[in-house]
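In what follows, a single structure is set out as structure tokens and then discussed.
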Amino acid sequence: MPDLRFKPERAKFTEIPRPKRAEGQWALGYTEPLNKNEQSKKDDDPLNVRDRILYTYSKRGFDSIDPADLRGRFRWMGLYTQRKPGIDGGRTGSMEEEELDDRYFMLRVRSDGKLLSPAAVRALGQIGVDFARDTADVTDRQNIQYHWIEIENVPEIWERLDSVGLHSLEACGDSPRPFLGSPVAGVAKDEIIDGTPALEEIERRYIGNRDFSNFPRKFKTAVTGHPSQDVSPETNDVSFVGTVHPELGPGFDVWVGGGLSTNPMLAQKLGVWIPLDEVPDVWAGVAGIFRDYGYRRLRSRARLKFLVADWGVEKFREVLENEYLGKKLETLASPESPVGHRDHVGVHEQKDGKFYVGIAPTAGRVSGTLLVQLADLLEEYGVAGARLTPYQKIVLIGVDGAVVDALLDRLDEIGLSARPSAWRRNTMACTGIEFCKLAIVDTKNRASDLVDELEKRFPDLDTPITINVNGCPNACARTQVADFGLKGQLVVDEFGEQVEGFQVHLGGAIGLRANFGRKLRAHKVTSKGLDDYVSTVVGNYLADRTDGEAFDA
Ligand code: SF4
């Protein structure tokens, strides 16, 4: 394994002009912290907070927690304070973070694309029941997210997670955030290459590794060898996307610098071919560039996408090859982007003759009880396990053909249908004002009501129309790449009052027709008026479409 720690002498190969204004790039000698986040990370490696949680805070209670840990380093352990109930979004902007803090936590558990055994699904559900007031949402980064967690219970939760091979280490913070992996890795008939060994090796080498625990900000990873490119590779900091070299066989292209939020950018494609066993080294090289050259002065510019945009993809590749890998990468035209579903909902035959079954919770809302019920079904029907998807769905892996029909009926009974309406299938929502301190509006409940209403108004919709509901401009549920991208904000209603509502981005997509939705000034809608707004736009589309015309065409 190469030594990838930053060494200033490595910077000799590539001409990187020293900017007039310090951006906090370590590789250019700007190692003094330029803001309080950088100072906090310098004061103490955030990974050290684990022991304080285990041996001090969980024993002495919430009031013993150092504020610098509470609002900073706790994130490296997947813990955020949740929003105090009863504070409306309109007041959020004028309040200090402390005023919004509840004494309870959100805990994010990473799955990293792993197959969750029935025992793991049961453990995840039981944690929700026992410690999280029955919450357990599926996020669009393949996490399980709990709320109402008390600090006293964290050690036991971590123990239970550890017993089924799971953890919350670096699930948040300026760290290698949870990885996205193809939910059908190793089983899909049409798979190009199984990226699972690479994801496992990246996790083994680099998660919890102090060489990679202080990035300028978050760093998101995706790996897929499925032709549908089912991990939203366009919107991650680094993505490995399956491709076939005519002589060397299956491998991966590398895409860098994707990210949404307030300055959305799609990832740029390096146009290379790397074999499976080199993915961890290349990951560490890209992560090393981000750590060493990433901008640290302004949090709003501290994502890899800004560096990629400034350097251009050629220079990025040159630095990666010269300074981090010590070798040239094989050039290969990037794989074509596909069109169509990437969520694996429904029943599909696996390459071993068994089946995988994609099921659709509504906007990612699950519960501890529901996960326990799902574990019961997995055991009863001899299913190998489940994977979470980047579309807030769940895929059951290894279902025997003889039990598929019976299993589908039982799944319908518990509200996890593999035969959802087009609306239930294609709607996602972020956490929103219920628990998120940055939120301006409600999202999960609003999305669920919208789906119920659209199912009544358009019961036979025959085309996928995606709706991503976000509680603020941060775009955690990928505002800009949905047909209806909804960004939560206050809007003025017909009586001149400021109320919860959304700025609409229309016609966004990823895949073959990748582009950001158009933000139309006039398209602001109150939360109350959302059902009618979507119905009007969809009604117009259905009335005017020509044969086969997609919504975003
Ligand atoms: Fe919170 Fe905003 Fe992200 Fe939604 S988009 S989870 S409201 S930060």
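Please treat every number below as a calculation from the coordinates, not as lab data. In this text, all values refer to a predicted model and were calculated from it rather than measured experimentally. Here the Cβ is made from the backbone with ideal geometry for all residues, glycine too, and neighbour counts use every protein chain on show.
Brief remarks follow.
- Counting other Cβ atoms within 10 Å as a rough exposure proxy, the listed residues M77, M265 run M265, M77 from fewest neighbours to most.
- Every helix of 4 or more DSSP H residues in the chain counts as -39500 (n - 2.57), and over all residues that averages to -7500 deg cm²/dmol at 222 nm.
- Note on W158, W148, W283: ascending count of other Cβ atoms within 10 Å places them as W148, W158, W283, the fewest first.
- Applying both filters, DSSP loop and at most 15 other Cβ atoms within 10 Å, to the chymotrypsin sites (Phe, Trp or Tyr not before Pro) of the range 376-476 eliminates every site.
- Per-residue Cβ neighbour rank within 10 angstrom, fewest leading, L307, L329, L388: L329, L307, L388
- Ignoring aspartates and glutamates fewer than eight residues from K456 along the same chain, the ones with Cα atoms less than 14 angstrom from its Cα are D531, D532.
- Linear extension gain, E200 paired with K42, 0.36 nm per residue minus alpha-carbon span: 54.0 nm
- Long-range HN-HN contacts of F252 with modeled amide H, under 5 Å: T243, I274
- Distance from the C-alpha centroid of the range 367-443 to that of the range 283-360: 27 Å, rounded to the whole angstrom.
- Length-normalised contact order for the chain - Cα pairs under 8 Å, 6+ apart - percent: 14
- Cα-based shape type of the chain, given that a ≥ b ≥ c are square roots of the gyration tensor eigenvalues and the cut on a/c is 1.5: rounded
- Long-range amide H partners of L180 with built H, under 5 Å: T221, A222, V223
- For A429, the residues 5 or more places off, or on other chains, whose built amide H falls under 5 Å of its own are V469.
- Shape class of the range 228-326 from the Cα gyration tensor (axes a ≥ b ≥ c, square roots of the eigenvalues): oblate, since a/c reaches 1.5 or more and a/b does not exceed b/c.
- Positive-end ranking of H226, L520, V469 along the dipole of the chain, with charges on Cβ about the Cα centre, is headed by L520.
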